[in-house]
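Working notes, beginning with the structure itself.
Only the coordinates and a few stated rules stand behind these numbers; no lab work does. The structure presented is a predicted model; accordingly, all values stated were derived computationally and were not measured. A quick note on method: Cβ atoms are made from the backbone with ideal geometry, for glycine too, and the neighbour counts reach across all protein chains shown.
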Amino acid sequence: MSGSKAIACAIAAAAVLALGILNFAQGQAQTAPAAGAKVAKCDRAKFGLLLDVGHTPEEPGAVSARGANEYDFNLRLAQRIEKTLVDAGFRRTVLQATGGPAITGLVHRVAAANKANVDLFLSIHHDSVPDRFLETWEYDGKEMHYCDRFKGHSIFVSFENGHRNASLRFARLLGKQLKDRGLQYTPHYTEAFMRERRRELLDADVGVYRFDQLYVLRATAMPAVLLEAGSIINRDEELQLAGDERQSQIAASVLDAVDDFCAGRATKADVTERAR
Ligand SMILES: [Zn+2]
């Protein structure tokens, strides 16, 4: 995701709002149970999850250190997550991908998501860096760009989403599951050198950032979270993200986090914050 894309997304959002195409009907805000409450169970067959594949084949997002497209990483990981959830009984898990220009695809995906009657929206992306951090190397006889300076996943929520608390609750649950599996989030979005891409870190334990303007998070009519699964411009991490082990760790993390969310569970940070 780049700054210019975020601005373009904001413009598209304004256009959509002006046309009144989207229905921003908001459901009931979900709240976490009180600490010490009985462990609730999730009715997996009833819970609807929409897995949004970031970008389109025509405008595939970031380019990896070895010249692969972000869209292909996003699609492969989303398919892996979908299979893991469906196999575990979350039959109302829907994978959503679109073609065409990025903005059109994005607006279509959000509009379709708002009609889909799902309980949660998770957008899958893979990260890169601003151009000023790129270095050059040769891979497969071709000159490629890379940046090994940053690695790790990051999770984003928008406080302009109508279900801000529920979005944050799921984001924290997901961050905790990734952390429990030994995966580390990247802290570099807090740094001044990120300039216009600098973000507020809402949860320093599990790596949840605030990104209010992100169209896919603010225009969705249900709790919504965006996962940057890792950095494909980092030469080592690209290989890990392309491999089975990392994909299965992420898919298992999403499964457990969705199960927690569906059952109304929350992380300690969430419960403490709500009690204040
Ligand atoms: Zn992306």
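Listed peptides 44-50, 98-104, 120-126 appear in the order 120-126, 44-50, 98-104 once ranked by packing, highest mean of other Cβ atoms within 10 Å at the front. Within the chain, the proportion of C-alpha pairs whose separation exceeds 26 Å stands at 39%. The three principal axes of the Cα atoms in the range 172-217 give end-to-end lengths of 31, 24, 13 Å, sorted in falling order. The Rg/Rh ratio for the range 132-175, using Cα coordinates for both the radius of gyration and the Kirkwood hydrodynamic radius, is 1.30. For Ala275 and Ala111, the FRET efficiency from 1/(1 + (r/R0)^6), where r spans their Cβ atoms and R0 equals 35 Å, is about 0.40.
Normalised radius of gyration (Cα atoms, divided by 2.2 N^0.38 Å) for the range 124-276: 1.09.
The range 80-166 gives an Rg/Rh value of 1.06, both radii derived from C-alpha positions and Rh following Kirkwood. Amide H contacts for Tyr139 (H built 1.01 Å from N in the peptide plane; partners 5 or more residues away or on another chain; cut-off under 5 Å): Met144. Could you let me know the centre-to-centre spacing of the range 109-154 and the range 216-239, using Cα atoms, in angstrom? Centre-to-centre distance over Cα atoms comes out at 7 Å.
In loop segments of the range 165-235 as defined by DSSP, the GluC sites (Glu not before Pro) with at most 13 further C-beta atoms inside 10 Å of their C-beta are Glu191. Pairs exceeding 22 Å between alpha-carbon atoms, taken from Lys41/Lys268; Lys115/Lys176; Lys151/Lys179; Lys46/Lys268; Lys151/Lys176: Lys115/Lys176; Lys46/Lys268.
FRET efficiency for the pair Arg76 and Asp236, taken as 1/(1 + (r/R0)^6) with r the Cβ-Cβ distance and R0 = 22 Å, rounds to 0.75. Stokes-Einstein diffusion for the range 196-276 at 25 °C, viscosity 0.890 mPa s, with a Kirkwood radius from C-alpha pairs, works out to 162 µm²/s. A Förster distance of 51 Å, applied to the separation of the beta-carbon atoms of Asp148 and Asp87, puts the FRET efficiency at 0.90.
Can you work out the PRE-style zone for Glu58? Point 7 Å along Cα to Cβ, and I want the residues of the range 107-136 with backbone N under 15 Å. Label zone hits: 107-109. With neighbour counts taken as other beta-carbon atoms within 10 Å, the residues Arg149, Arg276, Arg235 rank, fewest first, as Arg276, Arg149, Arg235.
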